[in-house]
Amino acid sequence: MNRLSLLVGLKNNLDYSKHFYKTTRELYPTVEICFVSYGSIDGTHEWLATLDDNNVKYYYSTEQKTFSDTFNKASDIATKEYVAYLHNDIVLAPGFIENLEKHISRDNVISYTTVEPPIFTGHERPGKVIKDFGASLETFRKDNLFEFVTKIQQEYKNQTELGITFFMCLSREVLLSIGGLDNLYNPMFCEDDDLIFRLKLKQLNLLTSLDSICYHFVSKTSRFSDDYKNKTQQIEKNSNRNFIRKWGSRVPKVRYNIGFRILKCNSEFLEFLEPWCNNILIDDEMQVLTSHYIDKEQKNTLFKLNERIKSTPFESLNNEIIVTINRETFTQQDFQIIQQLPEIIKDSGEIGEFQIENLLITIKQMNEYQNNLIKIQNENNKMS
């Protein structure tokens with residue numbers, strides 16, 4: 001049917017890129033593949049320039065850009081009606097594209113099934129099968145994989161399950177209309193959770209095909225790569241903090257305009273609570289604390305921290321919902337409430353002032369803003 005472009009972000013790991021290209025072409029000689037690489041230094045760009053293949057689109061640059069920028073560029077250069085996100089540490093199995101195309105439509109987002117070695121066994125998600133056919137190219141057993149896939153495809157022919165992951169296929173027009181992946185997450189992580197929530201807000205059908213199958217070596221170009229293996233923990237922390245800044249929760253459902261007024265604040269408490277609100281107000285005498293925190297944290301986010309953190313009179317905090325918090329009485333139970341606050345307000349909140357544990361909550365309005373965040377507004381995505 002030839003309606004599909006495969007989007008593949010590259011960052012070094014040339015052997016895996018070559019292997020992806022070779023094994024994909026053995027199955028699908030004419031499917032469009034869109035390769036994008038920012039900042040690779042291992043010969044990836046030179047290899048791309050040698051590809052004599054009318055059905056390959058590629059772009060490379062010496063710039064260092066985010067995971068999101070990489071895949072957004074791939075979706076820009078794609079020419080087909082539908083696009084599928086893939087990594088270069090993937091091997092497609094027979095039937096992969098045919099079984100995806102049975103389900104794709106403008107209203108459907110379809111993930112495919114990944115067979116993976118037992119690396120993240122405790123991390124469950126739709127379409128994940130743990131079966132070891134090699135943890136590297138050197139130990140990979142393709143014939144055994146294909147034999148296994150045939151059995152799975154017979155057992156789950158034409159079946160889907162609810163939910164999607166990053167490994168998805170969707171309408172290119174829909175993806176471009178919402179701005180693609182959000183480059184707030186630098187260099188990576190959480191952009192998939194962000195996109196999935198935005199697709200839910202668009203009320204699309206989110207399904208995983210159980211008979212469209214590939215093998216995934218797992219994170220060879222991200223957390224386990226030479227570029228990132230020593231930085232993964234900090235990258236993940238920063239990404240999670242930015243996700244919370246954007247959506248107000250790590251498992252978002254609704255977004256309100258919430259401000260925190262902090263009494264008896266200190267530097268640790270400011271760092272702890274700042275991501276969980278739109279604005280945070282601390283005592284006037286803590287301005288030095290604010291400057292120190294911004295100097296430390298601003299490099300980790302596109303949010304403008306000097307606009308988020310205020311040290312002015314209480315009346316100038318113009319958020320629609322204000323939570324007054326005293327550090328000296330704050331408990332773990334209070335923090336559990338903070339993490340679920342948007343959902344608590346959605347379920348039982350009303351205009352007025354009330355106390356939950358040690359939190360004084362003032363609700364002036366209950367406007368919801370999550371749908372305003374479906375579309376990425378601009379390339380730099382700088383937020384307040």
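All of the numbers you see were taken from the coordinates with simple rules; none came from a lab. None of the values given here were measured: they were computed from a predicted structure. Here the Cβ positions follow ideal geometry from the backbone for every residue, glycine too, while neighbour counts run over all protein chains shown.
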Orientation-averaged projected area, Cα convex hull of segment 4-229 (nm²): 11.3 nm²
Residue order, fewest to most beta carbons within 10 Å, for 311, 111: 311, 111
Residues 169, 214 arranged by fewest to most Cβ contacts within 10 Å: 214, 169
Cα long-axis angle, helix 287-297 against the chain (0 to 90 degrees, to the nearest 10): 0 degrees
Karplus 3J(HN,Hα) series, Hz, for segment 321-328 with 6.51 cos²θ - 1.76 cosθ + 1.60 (x for Gly, Pro): 10, 10, 10, 9, 10, 9, 4, 6
Phi-based couplings in Hz for segment 176-190 (Karplus 6.51, -1.76, 1.60; Gly and Pro marked x): 5, 5, 9, x, x, 7, 8, 7, 4, 8, 10, x, 6, 6, 6
Size of electric dipole in segment 248-373: Cβ of Lys, Arg +1 and of Asp, Glu -1, about Cα centre, debye, nearest 20: 400 debye
Using distinct alpha-carbon pairs, which all enter the 1/r mean, Kirkwood radius of segment 46-120 in Å: 15.1 Å
Simple Cβ-charge dipole of segment 4-229, Lys/Arg +1 and Asp/Glu -1, about Cα centre, in debye nearest 20: 280 debye
With eigenvalues of the C-alpha gyration tensor scaled by 5 and rooted, segment 248-373, Å: 22, 17, 14
Too-long pairs where the Cα-Cα distance tops 27 Å, listed order kept, from 128/151; 246/346; 73/151; 131/375; 299/364: 73/151; 131/375; 299/364
Calculated [θ] (222 nm, deg cm²/dmol) that DSSP helices of n ≥ 4 give over the chain, each run adding -39,500 (n - 2.57): -9500 deg cm²/dmol
q = 0.19, 0.23, 0.31 Å⁻¹, segment 32-88: log10 I(q)/I(0) [Debye, one scatterer per Cα]: -0.66, -0.96, -1.43
Positive-end residue of 208, 100, 35, charge dipole of the chain with Cβ unit charges: 100
Between 0 and 90°, nearest 10: helix 332-348 axis offset from the chain longest Cα axis: 80 degrees
Estimated dipole of the chain in Debye, rounded to 20 [Cβ of Lys and Arg +1, of Asp and Glu -1, Cα centre]: 400 debye
Peptides ranked, highest mean first, by Cβ atoms within 10 Å: ranges 90-99, 27-36: 90-99, 27-36
Order of 149, 174, 83 under a 10 Å beta carbon neighbour criterion, fewest first: 174, 149, 83
Whole-angstrom gap from segment 23-53 to segment 298-377, using each part's C-alpha centre: 47 Å
Tilt relative to the chain, helix 142-155 - C-alpha long axis, 0 to 90 degrees, to 10: 70 degrees
Two-decimal log10 I(q)/I(0) for the chain, as the Debye equation yields it once each C-alpha is a single scatterer, q = 0.12, 0.13 Å⁻¹: -0.95, -1.06
